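First comes the structure, then the notes that go with it.
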Amino acid sequence: MTTSADPSRPAAPPWPWAGVWRCAVAVVFATGAAGCASLPSNTGRTPSTALTAPEQTALGRLVQERRERESARSDSAFRLLENVDAAYSSRLALIREAQRTLDLQYYAIHADHSTEVLLQALRDAARRGVRVRILLDDFNTVGKDAQVLRLAFEPNVQMRLFNPLPGSRRSLLGRLFTSLHDLGRLQKRMHNKLFIADNAVGITGGRNLGDAYFGGDDKSNFVDLDVLAFGRIVRDMSASFDRYWNDELAYPMQTLVAPQELEAVRQPVEPPQPDASRPRPAPAPSIPPVTPTATILPSVTSTVAVTAAPAMDLRQLPVVWAPAVLLADAPAKIGPDDDEADAGETVVDGLLNLMRQARQDVLIVSPYFVPGPVMMAVFRELRSRGIRIRVLTNSLASNDAPAAHAGYARYRDALLALGLELHEMRASQEGTMTGLGSTPLPGSGGGGSKSASSRASLHSKAVIIDQRLAVIGSMNLDLRSQRKNSEVALLIRGAALSREAVRQVETTLAEGAYRLQLRDGRLVWEAPPGAPFRSARSEPDASAKLRLLARLIAPFAPDEML
């Protein structure tokens, strides 16, 4: 791990069956059915780095002017992006305000309506002379989501795919099948999430790009948390981006994908609220010449015009000036197993060391929470000193990865016996949430308000220590984030921001989560006082089929693969 002085499980886990892949490998090799596709050599790529003089841009000058006007002692400022409106409009603002560079690093960018608006804005920025670099983990670039790669064919846009998989982009299962001979590399993914403009203002957190992350999915929406950063700390975010961008595992997209392949995998995506009177655009026979009106995702009908989508006012936005460091895994963590020693201490390792310094309390928010023996030892040490530990994670019903829940469920009794306070997110959130991931305003650029029937799934990742240290980033508290995936996070030392994060989490605990208790040796899910839902004596809101699935998966889900 590096810090700004140079100090793991996918956000939406790539498959709910992660725990059975080792069994699958054994079967495949036993039958001799595994295909062995190969990657091209990654030579000839041109190194590049972040903007060296951000103070010469409008965003850089804005940061300096605000620091002087607000008489700030710290050289970095922060704002929690408390709801999907803020998360979406801040990204639009960075794209529109950028003058020289835009750098995006993501585990997943999905081809849907909210993304179409962002991609069109990125294309417009490139056309006005902004250099756009997009670094994307290659796992999810299949099927309709492969259409996102079309942006790489725009002038002034560079796109690289990290730790790519060989094989066709028509089917994720097909690519997995051809990569089973290299399961170790397949399991390691770049989970970092950065969005940086002019090396002056940036965003990090748990959120990927797609409708489900911006409140626009009518089936399931992720409850997420981001932080907007200004000033010196952004240079450290850019330095981390550059390390991954220039790593040998980052392949220029055009060396892996031809335009004809993207045409072959094009799939239609229905708008959120179909209008029968509105004809769907006819598919083009091939990638069309770029025109001012062309869409990036031709199969997506965006319901929000790029120019009409609201952007955040960065000049009037209240911020907190505070000291901070960047926690970032080294790219070597994703390399071959014999390179893992070069990765050093990981982000999660650093978090555990920070927790050991707690004096009063630790608040953990982790969608996938599979502690493992080392983390359990840390919890045991903290509890022996009387440190209060609260955890918010997903319930079985709200978890999008049953295998992850099966791993977590193994630890619930032991965690409660240690005195940890366990809370599980409720899948159904009545009305408008006022805590983490509050619902968007009507007509927001994020895709519209959540459907009353959509499922809520916790996706925020944060650790707050003694209400003075806040760590917000891409990491989960599990062995996958600790040992397999690369992660990034901001460690912010500020009571004001930490208290605000605690307030948001506590509001969620009071309005939309169960607290687990052991009664007569059995688990009980207690509803908060005054909640519009009842307590339960078995996995709440989960169907019998889902409960059975979790039990069946459990024996085949080793902690290190969750």
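Provide the per-residue ³J(HN,Hα) series for the range 456-470, in order, calculated from phi with Karplus coefficients 6.51, -1.76, 1.60 and θ = phi - 60°, each as a whole number of Hz, with x at glycine and proline positions.
Residue by residue, the range 456-470 yields 8, 10, 4, 9, 6, 10, 7, 9, 10, 10, 6, 6, 9, 10, 10 Hz.
If the cut-off is 17 Å between C-alpha atoms, which lysines fall inside it for residue 188, apart from same-chain ones fewer than 8 positions away?
Partners within reach: 333, 484.
Would you kindly derive the ³J(HN,Hα) couplings of the range 519-527 from the backbone phi angles with the Karplus curve 6.51 cos²θ - 1.76 cosθ + 1.60 (θ = phi - 60°), listing them in order in whole Hz, with x for Gly and Pro?
So the J values, rounded to whole Hz, are 10, 6, x, 10, 6, 10, 9, 8, 6.
When you count, for each residue, the other Cβ atoms within 10 Å and take the mean per peptide, how do 109-115, 494-500, 141-147, 364-370 rank with the highest first? Could you put the intermediate results ahead of the total?
Values: 109-115: 26.0, 494-500: 18.6, 141-147: 21.7, 364-370: 27.6.
Ranked by mean Cβ neighbours within 10 Å, highest first: 364-370, 109-115, 141-147, 494-500.
Using a 1.4 Å probe, what is the accessible area per residue for the range 165-249, in Å²?
Numbers: 1990 Å² over 85 residues.
In whole numbers, the range 165-249 has 23 Å² accessible per residue.
What is the sum of charges, Lys and Arg at +1 and Asp and Glu at -1, for the other residues whose Cβ falls under 9 Å from the Cβ of residue 102?
On the way: positive: 100, 131, 133; negative: 103, 198.
Net charge around residue 102: +1.
Can you tell me the length gained on complete extension of the stretch residue 254 to residue 380, counting 0.36 nm per residue apart and subtracting the Cα distance?
40.3 nm is the gain from fully extending residue 254 to residue 380.
What nm distance separates the two modelled labels at residue 181 and residue 416, each placed 7 Å from Cα along Cα→Cβ?
About 4.8 nm separates the two model spin labels.
Calculate, for residue 519 and residue 65, the FRET efficiency according to 1/(1 + (r/R0)^6) with r their C-beta to C-beta distance and R0 45 Å; round to the nearest 0.05. Please report the intermediate quantities before stating the final value.
Details: r = 58 Å, r/R0 = 1.29.
That gives a FRET efficiency of 0.20.
Would you mind calculating the gained length between residue 41 and residue 533 on full extension (0.36 nm times residue separation, minus the Cα-Cα distance), in nm to one decimal?
Numbers: separation 492, 0.36 × 492 = 177.12 nm, distance 5.64 nm.
Between residue 41 and residue 533, full extension yields an extra 171.5 nm.
Take peptides 125-134, 95-104 and line them up by average Cβ neighbours within 10 Å, highest first, as a rough protection proxy.
95-104, 125-134
Carbon and sulfur atoms: what percent of the 1.4 Å accessible area of the range 326-426 do they account for?
Details: 1470 of 3140 Å².
C and S atoms contribute 47 percent here.
What length, rounded to one decimal in nm, is gained on full extension from residue 495 through to residue 170, with 0.36 nm per residue of separation minus their alpha-carbon distance? Intermediate results must be reported in sequence, preceding the final value.
Working: separation 325, 0.36 × 325 = 117.00 nm, distance 4.87 nm.
Contour length minus Cα-Cα distance gives 112.1 nm.
The values are calculated or read from the model by the stated rules, or taken from the named source; none is laboratory data. Every value quoted in this text rests on a predicted model; they were computed, and no experiment measured them. Note that each Cβ is placed from the backbone with ideal geometry, even for glycine, and that neighbours are counted across all protein chains shown. Calculation scope for accessible area: heavy atoms of the full protein, side chains included, ligands and nucleic acids excluded. Shrake-Rupley method; radii C 1.70, N 1.55, O 1.52, S 1.80 Å.
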